[in-house]
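See below for the structure under consideration.
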Amino acid sequence: MPPPVDAQQFRHTMSHLASGVTIVTARDAAGRAWGMTASAVTSLSLGPPMLLVCIDRAATIHDLLASTDVFGINVLEEGQADIARRFADRDRHGYDDHSGARSPAGLPLVPGALAHLDVMRAAVYHGGDHAIITGTVGWGEAQDGRPLCYFRSAYQGLAR
């Protein structure tokens, strides 16, 4: 068997797999909201409805997401690349949500996002340098629109 591919080649190769772009949100013990961009989010189960999100263990809000009881997922719309970039910045994960809409769990909702979910954390697994956080979906809503995608290391909309 050949040796494993190096990290740079793996990143380049995987950049050819298009994925949706989300903002994952949570509140810390003081009630402050936090968010980060994540493209490694996928459904896990229909019965019960579950999903998983993969978070770099070096991410600023990793410990919060791995220990919180509930987190949110906001599926971004194709015109929201600026929001994705803002929350991808490790120094800008704080979420000022004083005047914005909130989910039933009290998490901030990204205005204009295609979908919002409240997720009750179930289990956390280690996978290399990431944590795989699973959760049961307790609430969700969706609207019509086109998703923001991440493909070849860039934010893009779907081809029309």
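The values are calculated or read from the model by the stated rules, or taken from the named source; none is laboratory data. What you see is a predicted model; the values in this text were computed from it and never measured. Note that each Cβ is placed from the backbone with ideal geometry, even for glycine, and that neighbours are counted across all protein chains shown.
I'm trying to understand the selection: among the residues of the range 26-44, which are more than 8 Å from the chain's Cα centre (by Cα), surrounded by 13 or more Cβ atoms within 10 Å (Cβ to Cβ) and either modelled with pLDDT under 95 or not hydrophobic (A, V, I, L, M, F, W, C) (or both)? Reasoning before the result, please.
Step one: of the range 26-44, the residues more than 8 Å from the chain's Cα centre (by Cα) are 26-35, 42-44.
Narrowing further to those that are surrounded by 13 or more Cβ atoms within 10 Å (Cβ to Cβ): 26-28, 32-35, 44.
Residues satisfying the conditions are 27, 28, 32, 33, 34, 35.
Please state which of the following conditions residue 99 fails to meet, knowing it meets all the rest: (1) within 16 Å of the chain's Cα centre (by Cα); (2) more than 20 Å from residue 19 (Cα to Cα); (3) among the hydroxyl-bearing types (Ser, Thr, Tyr); (4) modelled with pLDDT under 95.
(1)
Since residue 68 meets every condition but one in (1) within 14 Å of the chain's Cα centre (by Cα); (2) surrounded by 19 or more Cβ atoms within 10 Å (Cβ to Cβ); (3) touching a residue at least 40 places away in the same chain (Cβ under 8 Å), which condition does it not meet?
(1)
Return the residue satisfying two criteria in turn: it lies in the range 119-160 and is in contact (Cβ under 8 Å) with a residue 40 or more places away in the chain and basic (Lys, Arg), and of such residues it is farthest from residue 104 (Cα to Cα).
Going through the qualifying residues, I end up with 152.
Can you name the condition, by its number, that residue 91 falls short on among (1) farther than 19 Å from residue 26 by Cβ; (2) out of contact with any strand residue (DSSP E or B) (no Cβ under 8 Å at 6 or more places or on another chain)?
Condition (1) is where residue 91 drops out.
Taking the range 134-156, which residues are outside any strand (DSSP E or B) and touching a strand residue (DSSP E or B) at 6+ places or on another chain (Cβ under 6 Å)?
145, 146
Can you tell me which of 131, 105, 84, 58 is surrounded by 15 or more Cβ atoms within 10 Å (Cβ to Cβ) and part of a loop (DSSP other than H, G, I, E, B)?
105
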